[in-house]
Amino acid sequence: MGRPTTSQQDNAPQDSLTVRDNRTGKVYTIPITDNAIPATAFKSMAAPKKVGEREENETEKGLRVQDKGFLNTAVINSEITYIDGDAGVLRYRGYPIEQLALRSSHLESSYLLIYGSLPTKEQFKFFESEVMRHSVMHSDAEGFFRSFRYDAHPMSMLTSAFAMLGSYYSEANPSLQGQRLYTKGDRASLETMDRQIYRLIGKATTLAAMAYRVRQGRNFVTPPTGLSYTGSFLYQMDHLGEENYTPNPILEKALDVLFLIHADHELNASCTTVLQTGSSLVDPYSAVAAGCASLYPENVPAFIEAVKKKEKTLSGFGHRYVPDLECVVFD
């Protein structure tokens, strides 16, 4: 019952899906591309409205596809990241994460994710210098952070701070400069886009360090020169005025690998939020602020206690698509 006839199956292209709508008896052939079908294909599968059916169903306007939580829905085509959580596979632009963790750095892998290939020495030198140059914050930012309560949540401060950056750079706002600011593809647009990339990456650690020092009741520290990206971050968090202070190199490397592994995990919550916000052509700082707002962590102490009591499951490193059955909690 409901199965298409043999002739219909034989005539349909091999890379296709044949669907029979039992409400109407109509048969539809939907093309399969890259192991996916277009959700809009179901729009043509309309049926008469049944007596007493709720108007909101809009049955006569076509079939809908419901996927709560994006468990089996792809909203874009991407060649950036591949994850197979069950097999423990994570690749950036085809490079295994293990190779990048051993031989690359967070900034170099960021370049790879953004531009599609690993940089040459000259390209990376320029990229790194631009990112680090833009790590310095305007003095007004100190007053902004001092306006927070001493017990403000760090993610609240970070989200607010990214939104604040949008008010500093009017040339980055499509509403003020023209709606096609980032989509024209000309040289000026690409240079504007690159400048915001340098600013966002460079200032991210500075803003995070400022939020941390608010919670610690410490004065703010200007980003140093001559240190790596993660070294500068550790310096801004931990420096207490000592002469010749340098971050612990073991912690610096560990943090850099941590940043590298977390750089991209396909369409997770924050990435999806940034894409959706950015699709309305807002400035990139507002989009990143929205992504930050989706990243509030668990109440860690309470969560760990629940895991110990076997009330909750401890996930693997990363997010829900990277399970690890060997994760345990030690007292």
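Looking at Ala36, Ala47, can you tell me which residue is on the phi < 0 side of the Ramachandran plot and in contact with a Lys or Arg (Cβ under 6 Å, 6 or more places away or on another chain)? Spell out how you get there, then give the answer.
Numbers: Ala36 fails: in contact with a Lys or Arg (Cβ under 6 Å, 6 or more places away or on another chain).
Criteria check complete, one pass: Ala47.
Among the residues of segment 47-67, are any closer than 29 Å to Leu118 by Cβ, in contact with a Phe, Trp or Tyr (Cβ under 8 Å, 6 or more places away or on another chain), of a type in the set (A, V, I, L, M) and at pLDDT 90 or above? Lay out the reasoning, then the answer.
Looking only at segment 47-67, we keep the residues that are closer than 29 Å to Leu118 by Cβ, and these are none.
There is no residue in segment 47-67 that is closer than 29 Å to Leu118 by Cβ, in contact with a Phe, Trp or Tyr (Cβ under 8 Å, 6 or more places away or on another chain), of a type in the set (A, V, I, L, M) and at pLDDT 90 or above.
Go through (1) of a type outside the set (A, V, I, L, M); (2) touching a strand residue (DSSP E or B) at 6+ places or on another chain (Cβ under 7 Å); (3) surrounded by 12 or more Cβ atoms within 10 Å (Cβ to Cβ); (4) at pLDDT 90 or above for Pro4 and report which single condition fails.
Unmet condition: (4).
Go through segment 138-175 and give me each residue that's over 22 Å from Tyr296 (Cβ atoms), in a loop (DSSP other than H, G, I, E, B) and among the polar types (S, T, N, Q).
Result: Ser139, Asn173.
Do we have Met210 as without any contact (Cβ under 8 Å) to a residue 40 or more places away in the chain and either outside the structural domain of Phe145 (by TED's automatic domain parsing) or part of a helix (DSSP H, G or I) (or both) here?
On the way: without any contact (Cβ under 8 Å) to a residue 40 or more places away in the chain: no; either outside the structural domain of Phe145 (by TED's automatic domain parsing) or part of a helix (DSSP H, G or I) (or both): yes.
Against the criterion (without any contact (Cβ under 8 Å) to a residue 40 or more places away in the chain and either outside the structural domain of Phe145 (by TED's automatic domain parsing) or part of a helix (DSSP H, G or I) (or both)), Met210 does not qualify.
Taking helices (runs of 4 or more DSSP H) that fall entirely within segment 23-137, which contain at least 3 residues that are over 25 Å from Glu266 (Cα atoms) and without any contact (Cβ under 8 Å) to a residue 40 or more places away in the chain?
On the way: elements: 97-103, 106-115, 121-133.
Of the helices (runs of 4 or more DSSP H) lying wholly inside segment 23-137, those with at least 3 residues that are over 25 Å from Glu266 (Cα atoms) and without any contact (Cβ under 8 Å) to a residue 40 or more places away in the chain span 121-133.
The values are calculated or read from the model by the stated rules, or taken from the named source; none is laboratory data. Just so it is clear, the model here is predicted, and its values are computed rather than measured. Cβ coordinates were reconstructed from backbone atoms using ideal geometry, including for glycine residues, and neighbour counts include every protein chain displayed.
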